[in-house]
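**Student:** A single structure is presented below for examination.
The values are calculated or read from the model by the stated rules, or taken from the named source; none is laboratory data. All figures in this text were calculated on a predicted structure; none of them were measured in a lab. Virtual Cβ from ideal backbone geometry, glycine too; neighbours counted across all protein chains shown. Side chains are part of the model used for accessible areas, which takes the heavy atoms of the whole protein and leaves out ligands, DNA and RNA. Shrake-Rupley method; radii C 1.70, N 1.55, O 1.52, S 1.80 Å.
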Amino acid sequence: MNGMGVLKGLAVTFRHFIDTYLEDFKAGKKRYFTEEGIRQRASIEAKGIFSIQYPEEKLPVPEEFRYIPFLVYDEGENGERALRCTSCGICAKVCPPQCIWIVRTNDPVTGKPVPAPAEFYIDVDICMNCGYCAEYCPFDAIKMDHNYEIASYDRFKEHIFDLNKLSKPASYYAKIRPANFARETAEREAKAAKKAAP
Amino acid sequence: MTDHESTLTTRHGDLLPDWVVADSRPGYEGVIVPVSRLIEFAFLLRDKLGYDLLSSVTGVDYLPDGKMEVVYHALQTIGGAPFVFKVQVPREDPIVPSVVPVWPGADFQEREAWDLLGIRFEGHPDLRRILMWEGFEGHPLRKDWKEPYYEEDAKPYKSRWPEGHVRRAEDVAPLHDNVQYPPGFDPESWTPDGDEALYRGLRKYLEDSGSELKTDRLIVNLGPQHPSTHGVFRMVVVLDGETIVDLKPVFGYLHRNHEKIGERCTWIQNMPFTDRLDYISSMSNNFGYALAVEKLMGIKPPERAEYIRVMMAELTRIVSHLVAVGFLLNDLGAFFTPVLYALEERELILDIFEAVSGSRMMCNYFRFGGVARDLPEGVLERVRDLVENRLPRKIDEIDRYLTKNEIVRTRCEGVGVLTAERAIALSATGPVLRASGVPYDLRRADPYSIYDRFEFDVAVRYHGDIYDRYLIRLDEIRQSIRILKQVLRDIPEGPVISGKPQWQVRVPTGESYGRVEGPKGELGFYVVSNGKPNPWRYHVRAPSFINLHTLAEMARGGKVADVVVILGSIDIVLGEVDR
């Protein structure tokens with residue numbers, strides 16, 4: 001019969017409509033603005049309303065999520081910072097849009113290069129978040145961040161990140177990427193142990 | 001590479017005339033045809049040897065040899081490897097006869113080669129610029145052409161390390177001063193020649209309407225800023241009342257010269273740029289590029305990586321087809337409800353991409369010889385849940401929701417018909433070709449990766465109208481789910497990349513053409529290496545760009561309201577069309 005197709009289609013949309021209220025009724029208050037509710041609405045079992053009320057609610061990002069690189073430093077006992085970066089320049093060379101600038105430190109006496117960056121810049125307007133710098137860094141010194149809320153009011157003043165703005169502690173890295181951190185630490189320790197053994 | 005070459009020439013050895021010579025440069029394949037006999041050879045190839053579909057036409061600027069080469073890839077729609085043939089002309093004022101009379105599908109690609117490389121195709125019916133703007137000076141893909149922000153011929157730039165004093169590009173070339181105008185040119189008082197030519201070409205329709213009623217024919221511009229064009233895309237339409245007499249697509253508004261960027265980048269640096277071609281299906285783009293370069297390097301990914309690749313490519317196909325179906329309904333006027341139902345499933349798949357690659361759309365996940373990293377914990381289970389439970393149910397739901405809808409059927413059935421002969425002649429590939437009754441799917445016709453191991457049907461529909469192009473996308477989603485189930489059943493443990501990950505790869509001299517069955521059609525990457533860290537030539541055979549040939553064919557004689565839906569049924573992505 002003519003019109004049956006439209007009616008059957010409308011039944012589908014009606015079902016979606018009802019589902020939202022059924023789910024609300026079932027889950028009660030914990031459906032919105034709670035971690036559990038967000039996870040449920042983003043899951044494969046999700047029914048009815050699907051969207052997340054950003055910025056009040058935020059989707060949890062997976063460990064591999066990548067956004068703008070940062071430089072990792074290890075903290076000493078007295079709070080001094082030891083940047084892992086040796087300014088070897090691999091990240092600057094592999095960077096597809098070429099947004100990394102590094103100035104190598106030279107020893108003031110001998111003039112020879114010292115393995116530490118004197119200056120380090122990333123132009124975050126150009127960075128395409130490909131993650132190559134983190135992937136190919138041999139010293140685990142540069143990693144991709146999880147913080148995607150970096151909007152600012154003045155792009156000329158604030159969108160070239162310098163050493164100070166880029167440096168973040170290893171503990172922060174361990175927090176956002178626990179599995180990667182554990183794996184890399186184990187690998188480094190195994191390497192060190194191998195080196196120490198005669 | 002050499003045995004590939006010999007199989008090609010022996011396959012048709014006795015049928016090829018003696019005035020074509022095999023391309024004997026190391027790492028190259030195919031034959032070189034004298035310019036004067038190109039058309040003769042093209043007819044022979046099409047009519048005697050059955051190469052009925054001209055897949056790709058592009059040029060290569062061999063600056064050191066002073067030569068310009070035009071490379072053609074022709075294929076048989078019954079399957080098999082493409083046949084490569086080339087013509088060589090002097091670099092100064094290169095003139096090549098146009099093959100449009102033989103394969104009408106060469107049209108846009110020859111225009112592109114003219115636009116970007118300055119190769120003049122004699123006999124081409126409409127040799128205007130296609131991607132660059134009409135008043136543009138020069139041909140940007142020529143090796144001696146330099147862009148406004150030019151720094152060096154090849155990345156990595158020396159200014160970045162070890163003395164990297166940061167500066168912005170616009171400090172060097174201030175924003176109002178970064179375009180090169182020809183001398184004496186004033187952008188304010190200028191009408192583009194190309195636009196004039198376009199309107200002049202269409203004016204012939206205005207003169208004889210031939211109808212008894214004294215009706216006026218109108219030229220109407222749909223776009224470039226039009227909500228139905230899926231981006232910045234313009235259709236110049238000649239109307240007789242509501243009926244479309246002729247249509248010319250105009251595009252290139254999103255052009256960024258992806259191929260020049262590719263030639264500046266190193267091989268690996270290019271991978272994330274391929275994500276930005278067809279940004280709905282970045283994993284497929286990665287796949288094609290990785291295949292092309294791996295062919296040159298002579299490496300193969302390990303088993304597990306192959307399975308992961310197929311899994312990602314098929315998930316991408318589902319995403320792309322869902323979006324295509326959803327937005328087709330938007331074009332029909334079912335405003336956003338079907339799209340949002342489709343996007344729900346897409347979001348769940350993008351969650352998987354994000355967990356695996358770190359990004360929802362710009363995945364950058366494939367590497368030469370494998371993939372970037374192994375699947376994190378829990379991803380396989382998530383994919384299994386999706387593929388076994390949710391997706392089949394949801395596809396059925398979309399089917400129930402839309403397929404039998406009387407409005408959809410009235411608007412789509414018998415509208416925008418493309419016959420099989422015309423589809424092949426116009427070089428259409430992918431769902432557009434298969435909906436016209438040609439069962440040509442690269443995964444079967446010339447299997448790459450491990451597609452020969454899976455059981456699936458090549459979806460095909462026979463009416464060639466919008467409705468069939470809608471149905472075939474649902475069919476293909478179902479076949480992709482079938483492949484995914486087999487991948488999940490068989491995926492082995494093991495390494496995901498062959499050898500150590502390298503930030504600089506060595507690619508031997510030669511050329512290669514890697515192609516995959518992307519969601520929109522045959523996605524090909526033609527790369528030429530001269531042994532340096534950067535590609536000498538990097539060309540993308542973009543399926544939705546070439547499928548646009550069919551737009552005018554399908555729209556002629558239709559109503560102006562249908563042209564929006566016809567465009568939607570081709571499923572273009574402007575990031576890929578304009579490159």
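**Student:** Go through the range A:82-103 and flag every residue whose accessible area shrinks by 30 Å² or more with all protein chains in place compared to the isolated chain (probe 1.4 Å).
**Tutor:** When all protein chains are present, A:90, A:93, A:94, A:96, A:98, A:101, A:102, A:103 each give up 30 Å² or more of accessible surface.
**Student:** With a 1.4 Å probe and all protein chains left in place, how much accessible area per residue does the protein assembly as shown have, in Å²?
**Tutor:** 42 Å²
**Student:** Then there's this: So, R0 is 22 Å and r is the distance between the beta-carbons of residue B:25 and residue B:502; what FRET efficiency does that work out to, to 0.05?
**Tutor:** The value I calculate is 0.25.
**Student:** Note every residue of the range B:394-437 with a reduction of at least 20 square angstrom in accessible area, all protein chains present versus the isolated chain, computed with a 1.4 Å probe, or write none.
**Tutor:** Buried on complex formation: B:397, B:400, B:401, B:405, B:406.
**Student:** First measure r as the distance between the Cβ atoms of residue B:200 and residue B:147, then evaluate 1/(1 + (r/R0)^6) with R0 = 25 Å and state the FRET efficiency to the nearest 0.05.
**Tutor:** 0.20
**Student:** Continuing with this model, one more query. How much net charge surrounds residue B:121 when only the other residues with a Cβ under 12 Å from the Cβ of residue B:121 are counted, with Lys and Arg +1 and Asp and Glu -1?
**Tutor:** Net charge in that neighbourhood comes out at -3.
**Student:** Could you size up the charge dipole of the protein assembly as shown around its Cα centre, putting +1 on the beta carbon of Lys and Arg and -1 on that of Asp and Glu, and report it in debye to the nearest 20?
**Tutor:** The calculation lands at about 1540 debye.
**Student:** Considering the range B:352-467, what Rg and Dmax in Å follow from its alpha-carbon atoms?
**Tutor:** 18.6, 49
**Student:** I'd like the interface area for chains A and B: accessible area of each alone minus the complex, both sides summed, 1.4 Å probe, protein heavy atoms only. What is it in Å² to the nearest 100?
**Tutor:** 4600 Å²
**Student:** Apply the Karplus parameterisation 6.51 cos²θ - 1.76 cosθ + 1.60, with θ equal to phi minus 60°, to every residue of the range B:61-70 and state each ³J(HN,Hα) to the nearest whole Hz, in sequence, with x for glycine and proline.
**Tutor:** Values, residue by residue: 8, 8, 4, x, 8, x, 10, 10, 10, 10 Hz.
**Student:** If one computes the Cα centroid of the range A:17-75 and of the range B:428-484, what distance in Å separates the two points?
**Tutor:** With the range A:17-75 and the range B:428-484 each reduced to a Cα centre, they are spaced 35 Å.
**Student:** Separate question: Might you work out the accessible area of residue B:144 for me, using a 1.4 Å probe with all protein chains in place, and round it to the nearest 10 Å²?
**Tutor:** Surface open to solvent at residue B:144 totals about 80 Å².
**Student:** Under a Cβ-only charge scheme (Lys and Arg +1, Asp and Glu -1), can you give me the dipole magnitude of chain B about the Cα centre, in debye to the nearest 20?
**Tutor:** In total the dipole reaches around 1020 debye.
**Student:** Roughly what would the spin-label model give for residue A:11 and residue A:139, points 7 Å off Cα along C-beta, in nm?
**Tutor:** About 6.7 nm separates the two model spin labels.
**Student:** Additional query: Find, to one decimal place in angstroms, the Kirkwood hydrodynamic radius of the range A:1-98, where the mean of 1/r is taken over every pair of different Cα atoms and then inverted.
**Tutor:** 18.7 Å
**Student:** Could you grab the relative contact order for the range A:69-196? Cα pairs under 8 Å, six or more apart, rounded to a whole percent.
**Tutor:** Reported as a whole number, the value is 29 percent.
**Student:** Taking every Cα atom in the protein assembly as shown, find the radius of gyration and the maximum pairwise distance Dmax, and write them in Å.
**Tutor:** 27.6, 101
**Student:** Any chance you could run the full-extension gain for residue B:243 through residue B:419? It's 0.36 nm times the residue separation minus the Cα-Cα distance, nm to one decimal. Mind showing how you got there, number by number?
**Tutor:** Numbers: separation 176, 0.36 × 176 = 63.36 nm, distance 2.01 nm.
Computed gain between residue B:243 and residue B:419 is 61.4 nm.
**Student:** Just to be sure I understand the model, the point goes 7 Å from the Cα along the line to the Cβ. What's the resulting residue B:181 to residue A:114 distance in nm?
**Tutor:** Going by the 7 Å Cα→Cβ label model, 5.2 nm.
**Student:** Which value does Rg/Rh take for chain A over its C-alpha atoms, Rh per Kirkwood?
**Tutor:** Numbers: Rg = 24.4 Å, Rh = 20.9 Å.
Rg/Rh: 1.17.
**Student:** When only C-alpha pairs under 8 Å and at least 6 residues apart count, what is the relative contact order of chain B, in percent?
**Tutor:** Contact order relative to length: 17 percent.
**Student:** Which residues does the label zone of residue B:485 cover in the range B:371-404, counting backbone N under 19 Å from a point 7 Å along Cα→Cβ?
**Tutor:** Zone members listed by number: B:380-400.
**Student:** Between residue A:25 and residue A:152, with labels modelled 7 Å along Cα→Cβ, what's the label distance in nm to one decimal, could you check?
**Tutor:** 5.2 nm
**Student:** Take every DSSP beta bridge whose two residues both sit in the protein assembly as shown, then give the antiparallel share in percent to the nearest 5.
**Tutor:** Within the protein assembly as shown, antiparallel bridges account for around 90 percent of the total.
**Student:** For chain B, just the Cα atoms, rotate onto the principal axes and tell me the three extents in Å, largest first.
**Tutor:** 74, 62, 61
**Student:** If R₀ is 22 angstrom, what is the calculated FRET efficiency for the pair residue B:65 and residue B:172, using the beta carbon separation as r and rounding to 0.05? Present the calculation step by step, with values, prior to reporting the outcome.
**Tutor:** Numbers: r = 33 Å, r/R0 = 1.49.
It comes out at approximately 0.10.
**Student:** Right, another one. Go ahead and estimate [θ] at 222 nm for the protein assembly as shown from helices alone: -39,500 (n - 2.57) per DSSP H run with n ≥ 4, summed, over the residue count, rounded to 500.
**Tutor:** Theoretical 222 nm ellipticity from helices: -11000 deg cm²/dmol.
**Student:** Could you tell me what percent of the accessible area of the protein assembly as shown is made up of carbon and sulfur, with a 1.4 Å probe and every protein chain present?
**Tutor:** 55 percent
**Student:** When the accessible area of each residue in the range A:37-80 is compared between its chain alone and the complete protein assembly (1.4 Å probe; ligands, DNA and RNA ignored), which residues differ by at least 50 Å², being lower in the assembly?
**Tutor:** Buried-area filter returns A:44, A:50, A:62, A:64, A:66.
**Student:** Could you give the DSSP H helices of chain B that reach 18 angstrom or more along their long axis (alpha carbon positions) and whose average Kyte-Doolittle hydropathy is no lower than 1.6?
**Tutor:** Helices meeting the span and hydropathy rule in chain B: none at all.
**Student:** I'd like the GluC sites (Glu not before Pro) in the range B:47-129 restricted to DSSP loop residues with at most 12 other Cβ atoms within 10 Å, sorted by number.
**Tutor:** The qualifying sites are B:92.
**Student:** Quick check: residue separation of residue A:107 and residue A:52 times 0.36 nm, minus the Cα distance between them. What number comes out in nm?
**Tutor:** Separation in residues times 0.36 nm, less the Cα-Cα distance, equals 14.5 nm.
**Student:** Report the accessible area of residue A:4, computed with a 1.4 Å probe over the heavy atoms of all protein chains in place, in Å² rounded to the nearest 10.
**Tutor:** Residue A:4 has an accessible surface of roughly 80 Å² with all protein chains in place.
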